[in-house]
Structure formats: C-alpha cells, structure tokens
Amino acid sequence: MGGDEKKYVNEAFDTNWVAPLGPNVNGFEADISTFLTNQDEIYAAALTSGTAALHLALKMFGIGSGDVVMVQSFTFCGTTNPVSYQGAELVFIDSETDTWNMCPNALQEALEAYKHKSVKAIMPVHLYGMPAKMDEIKQIADEYNAPVVEDAAEALGSQYKNQCCGTFGEMAALSFNGNKIITTSGGGALVSKNKYYIDQARFLATQARDNAPHYQHSQIGYNYRMSNIVAGIGRGQMEALDVRVAQRRANNQRYREFFAGVDGVTFQTEPNADYFSNYWLTAILIEPSLTGGVSREDVRLALDAENIESRPLWKPMHMQPVYEGTKFFGSGVCEILFEQGLCLPSGSNLTEEEFERIFSALSMIFKN
Ligand SMILES: *Cc1c(COP(=O)(O)O)cnc(C)c1O
C-alpha cells in the first residue's frame, strides 16, 4: 500500500458511502482518466475486475456466436474467457520475439484466412508490462475493419511512443487484482476515448436499469460495478503508481546486472526508445544449449528449494486443454517462450536482503 488508501477508505465509512457507487468511485475514475489522457480525453468505468471490463467491451460490440475474435495466444485466461462467455470463436495469434506480444505477420495471415468471416475484434496484450507493436497491429486491423480491444491489465504505467498503454484500442481493460502493479485487492476498469462506450459500460455494469422510478429493464445487464470501499484503495494506489513503476524498473535493472556475465540468459527487453515497460514482472529466457545444460525448470526448482517463488511464463492458450483444437496462426514463438521463460520475484517491496538471497540461490546454479 502507498499511504493514503486508509484515508479514502475511512472517508467512505465516515460518510456511509458503502455501496457500488460514491465519491471514491468517481474520484478513482477521474484519477485514471487524468493519468491516461494525453491528447484525447480518456474516460474510465471502474469495475469489479479486468475480466469484467473485457466482457463488457465484447458485449458492447455485439459479439456473440458466429463471430470471430483474434487473441494473442500467449496470455492469461482473463483475456480469453470473456470471448468464450459470449460464445464467439477464438482464433489464436502467435507472439513475435521482440516484445513477446502479438505478431503482426501472424495476425495478417489470420485475417487474410478469415476475410470472409465476421472478425469482430482483435485483442493484443501488453504482457508483463511490455507494449505490443501497436502501430503495426492497428494498421493491419484497420485494413480489415476489425476494432482493437487492448488488454492493458499488466501495463498500467507503460508507454508506446510516449502514449500510455490502454489508449490505443477502441477500448482497453485495466486490472487492479492483488498481483498487479497497483491493486485494489480485486478490481478493474474499462477505458476509452469514446465516452459513449464508458457511459454504456456503467449502465450495463449496474444491471442495465432503464431511467424509470421502478426497476425497468430493456437489456440484460451485469453486476460489475466497483464498490466505493475498493475504489478508496484505488485512489491511494494511484498516488503511488509512479513510484511503483520506478521500483519495478529498478528490480529489472538489478537482475540485468546480475545476469550480465551469464551465457544463455536473456531478458524481455524494450526493443528501442519507442517502448517504455513498467516491467511489472521481470521475465527471462533460459537457453539450455548455451547455459551448459541449465534449464528453466532447473532454475525454478533451485529457487523453490530456497523457498523463493518464481513462475514459468503464461502457458499459451492454444496449448490449454480447454481450447484444444482451436485455430492458431504463427510458427510457435510463444511455445518456445513458455518452454524457456521464467518470471523472477518482482515485488515492488523487494528488500536488499531478499535480493541477496535470490542472487545467492541463482549463483549456486549458474556457477560460472
Ligand atoms: C490480470 C489479467 C487479466 C484479468 O484481470 P482480473 O482483474 O484478474 O480479472 C486479464 N488479462 C491479463 C493479461 C491479466 O494479467
């Protein structure tokens, strides 16, 4: 926590705003808008989760059975589940090696193959905070008239060409789940330049109540609105966001210094000055043929033996049992990332002693 979270939460109790609306919800939405707005004003709807935000985005595009949504395969199920909730067909797109995110060439190939179908949305993800190649992706999406819905759940505070992640798609989702760079315990937001979408999202997120003195409904809604207590945590966290980004980037730098002399270990890295990652998690690839046989799993288990948690990268969605048989376009870059990749301990509050402990465990396995 940053400091002022309790102040905002206490305010909610003191004023009896214990409800899925209130001053903290409005204030948190305004804070998000201010943070993201560059040239065009950005609007935000605070919701119960990032998954809920993506679900509402698809709902507003009228996506349902018979429609196709193209999604980066290398991601968390929070990206793909909403497509399945809506009964649409998923088509998975490979990653490219620069950012590890959606490969524009594989996307082009998929769109060409599906040009006689109804491709209703394209969903790139900025994994571990690294911006995807948004210019290329948007240009291809425009060519085929498919709107981009951006999954920026891991990338609050990241930028591409000096513009915040979350402001490139028609709509974008943010997440404030417990593990994200800032958290409200659980929560998310839908953001867009288009105010209509955000007004509509707030309407759908509060059970789609028509404007009437009684309860009147002309559409099916959801109970997805963020509570005023949770939003109080969010307001305090927004004040700490810049510090969190600096801490995560400092972690990343420390790991780079540690691995500088080690063969066969490479990092997810900003390809050039157009990319600014919040480095939410520091992720590395371990190539056993260059490390003298040390594999990703060897490193994970060695850390685990010292009671240090690390984790393989996301298992691609086209490899998940639940999506068996789903179409995949690409050469399998994300399969190699999964096989060789590891997320290192990356908390904003890692102490010097903890780094010493991590480095000493890593030194034992990378002896030379
Ligand atoms: C966390 C996450 C989500 C979902 O967010 P929730 O708030 O946990 O529902 C979606 N996509 C990605 C890539 C995420 O990391």
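Being loosely packed, with under 15 Cβ neighbours inside 10 Å and either at pLDDT 95 or above or within 19 Å of the chain's Cα centre (by Cα) (or both) narrows it down to one of 287, 270, 335, 324, so name that one.
Working: 287 fails: loosely packed, with under 15 Cβ neighbours inside 10 Å; 270 fails: loosely packed, with under 15 Cβ neighbours inside 10 Å; 335 fails: loosely packed, with under 15 Cβ neighbours inside 10 Å.
Going through 287, 270, 335, 324 in turn, just one is loosely packed, with under 15 Cβ neighbours inside 10 Å and either at pLDDT 95 or above or within 19 Å of the chain's Cα centre (by Cα) (or both): 324.
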**Q.** Of residues in segment 290-321 being farther than 30 Å from residue 110 by Cα and of a type in the set (D, E, K, R), the one surrounded by the most Cβ atoms within 10 Å (Cβ to Cβ)
**A.** 296
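Looking at 71, 83, 91, which is the one that is more than 16 Å from the ligand (Cβ to nearest atom), surrounded by 24 or more Cβ atoms within 10 Å (Cβ to Cβ), modelled with pLDDT of 95 or more and among the β-branched types (Val, Ile, Thr)? Break it down into steps so the answer makes sense when it comes.
Values: 71 fails: more than 16 Å from the ligand (Cβ to nearest atom); 83 fails: more than 16 Å from the ligand (Cβ to nearest atom).
Exactly one residue qualifies, and that residue is 91.
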Q. Residue 314 passes all but one of (1) within 16 Å of the ligand (Cβ to nearest atom); (2) part of a helix (DSSP H, G or I); (3) in contact with a Gly (Cβ under 9 Å, 6 or more places away or on another chain); which number fails?
A. (2)
Q. Are there any pairs, at least 6 apart or on different chains, whose C-beta atoms fall under 7 Å, with the first in segment 140-154 and among the charged types (D, E, K, R) and the second crowded, with 24+ Cβ neighbours inside 10 Å and in a strand (DSSP E or B), and if so, which?
A. 150/172; 151/123; 151/125; 151/173
Q. Hey, among the residues in segment 240-267 that are closer than 19 Å to residue 361 by Cβ and among the β-branched types (Val, Ile, Thr), which one's modelled with the highest pLDDT?
A. 265
**Q.** Of all residues in segment 34-50 being more than 16 Å from the ligand (Cβ to nearest atom) and in a loop (DSSP other than H, G, I, E, B), the one that is surrounded by the most Cβ atoms within 10 Å (Cβ to Cβ)
**A.** 42
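Here is a list: 173, 155. Which entry is surrounded by 24 or more Cβ atoms within 10 Å (Cβ to Cβ), within 11 Å of the ligand (Cβ to nearest atom) and not in a loop (DSSP other than H, G, I, E, B)? Spell out how you get there, then give the answer.
On the way: 155 fails: not in a loop (DSSP other than H, G, I, E, B).
Just one listed residue meets the conditions, 173.
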Q. If residue 168 satisfies every condition in (1) assigned to a loop (DSSP other than H, G, I, E, B); (2) more than 21 Å from residue 101 (Cβ to Cβ) but one, which is the exception?
A. (2)
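Which one of these is aliphatic (A, V, I, L, M), in a loop (DSSP other than H, G, I, E, B), on the phi < 0 side of the Ramachandran plot and within 16 Å of the ligand (Cβ to nearest atom): 137, 182? Outline the logic, then answer.
Working: 137 fails: in a loop (DSSP other than H, G, I, E, B).
Unique residue meeting the criteria: 182.
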Q. Of all residues in segment 95-134, which are crowded, with 24+ Cβ neighbours inside 10 Å, away from the ligand (no atom under 16 Å from the Cβ) and under 26 Å from residue 181 (Cα atoms)?
A. 103
Q. So which pairs qualify, if the first residue must be in segment 37-55 and within 17 Å of residue 200 (Cα to Cα), the second must be away from the ligand (no atom under 16 Å from the Cβ) and among the hydrophobic types (A, V, I, L, M, F, W, C), the Cβ gap must be under 7 Å, and the two must be at least 6 apart or on different chains?
A. 42/36; 43/198; 44/198; 45/198; 46/25
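The values are calculated or read from the model by the stated rules, or taken from the named source; none is laboratory data. Bear in mind the structure is a predicted one, so any value in this text is a computation, not a measurement. Positions of Cβ are generated from backbone atoms using ideal geometry, with glycine treated the same way; all protein chains shown enter the neighbour counts.
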